[in-house]
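The structure appears below as structure tokens.
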Amino acid sequence: MEDAEAERQAGGLGHPGRPLNHRSPFMIGMKGAAGVAVTYALVELFLKARGVLVLIGLAFFIAAGVDPVVVWLTRHGLRRWMSVVIVLLALLAFVGGFIAAAIPPVSSQISALITELPKYVHQLQDHSSTLGKLNDKYHIETRITSLLNSKGSDLVGGVIGVGQIAVSAVSSMLLVAVMTVYFLIGMPQVKLFLYRLVPHSRRPRTILIGDAIFTKVGGYVLGNVITSFIAGFGTFLWMLAWGIPYPALLGLLIFLLDLIPVIGSTVGGAIVTLVALTVSIPVAVATLLFYVAYRLAEDYLLVPRIIGHTVKVPALGGMVAIVLGGVVMGIIGALIALPVAAAIQLLLEEITFPRLDKA
């Protein structure tokens, strides 16, 4: 106690003692057992918390995508917290304005859809209409009636399940939003922590490569939002021009689906084409051709100009990455597949390939 008090008066926490003999059989056995225990605990933790970890990873991905804008504002004289506030207010204004513009027509069109349901039922029974011909061929009305009669309780349970899924989805969205704000505020500290895990002699190169990866992620996120907005707005104008019902609702749906690479716009185009069948078959065919043309324009004109100069991933590599990401992590995996593939490609070009060329 006297020695400890002397060290405290000297302003320190004492000096390390003689190191333990790490080569003794006891220490080797303890290290091995501790390594197995820690590995097992980490695997169990990952398996039990993988859902939350995926959401946290998505929040970090979104924050890394928005961070270049914050960095650009700080380079022009603003403080970090002011830049973060401006970016968050801009995001809230964009989302709020988009929702405010979409809610009135969407609500009115949903009401119109409910009102028009008897008309659609009448068209199913009219053998000369498009829906009537489909009903004669595929027996849609009979299938729906038998489903309601035989599986009514299952449908009620399904509605309850859908409600639970909706509550879970809202909770997940709130968690992602809150974590994104925290990551965005503390991004410099997060980067510093990650870079300090690398030996001092390799930190400058690691910082340069890490900043390049963050730039690719930011370019991809912002570019993907821009192309998705173009897809949603183009769908809205096309449906207004041809008199296809529910343009605002389906335009919002296309905007959200187009955020998913490769398959998002295809699924959205198929949904709008099916809705266009309620107008006429020629309009549905024209809508299908419109989405085929837009898909080609997006792949060969918009994406190369908006995203391609930042995320330079070959078409085959990008397709493989999206498929693997979707299989492993679902929609979230497909969303982050391209920037992850770009980061892996950068690491291969800067680290792996030069070493292999010299070997």
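The alpha carbon convex hull volume per residue for the stretch 211-359 rounds to 108 Å³. In loop segments of the stretch 261-342 as defined by DSSP, the trypsin sites (Lys or Arg not before Pro) with at most 15 further C-beta atoms inside 10 Å of their C-beta are LYS312. Take the Cβ atoms of VAL225 and LEU356, set R0 to 45 Å, and the FRET efficiency comes out at 0.75.
A DSSP coil position with no more than 15 other Cβ atoms inside 10 Å describes the following trypsin sites (Lys or Arg not before Pro) in the stretch 1-59: ARG23.
Using the Kirkwood radius over Cα pairs, work out the Stokes-Einstein diffusion coefficient for the stretch 1-106 at 20 °C and 1.002 mPa s, in µm²/s as a whole number. This corresponds to a translational diffusion coefficient of 105 µm²/s. Average accessible surface for the stretch 287-359: 63 Å² per residue, computed with a 1.4 Å probe over protein heavy atoms with every protein chain in place. A Förster distance of 41 Å, applied to the separation of the beta-carbon atoms of VAL285 and VAL198, puts the FRET efficiency at 0.10. The average projected area of the stretch 223-308, computed from the convex hull of its Cα atoms over all directions, is 4.6 nm².
The values are calculated or read from the model by the stated rules, or taken from the named source; none is laboratory data. This is a predicted model, so every value here is computed, not measured. Every residue, glycine as well, gets a Cβ built from its backbone with ideal geometry; the counts of neighbours run over all protein chains shown. Just the protein is used for accessible areas: all its heavy atoms, side chains included, with ligands, DNA and RNA removed. Shrake-Rupley method; radii C 1.70, N 1.55, O 1.52, S 1.80 Å.
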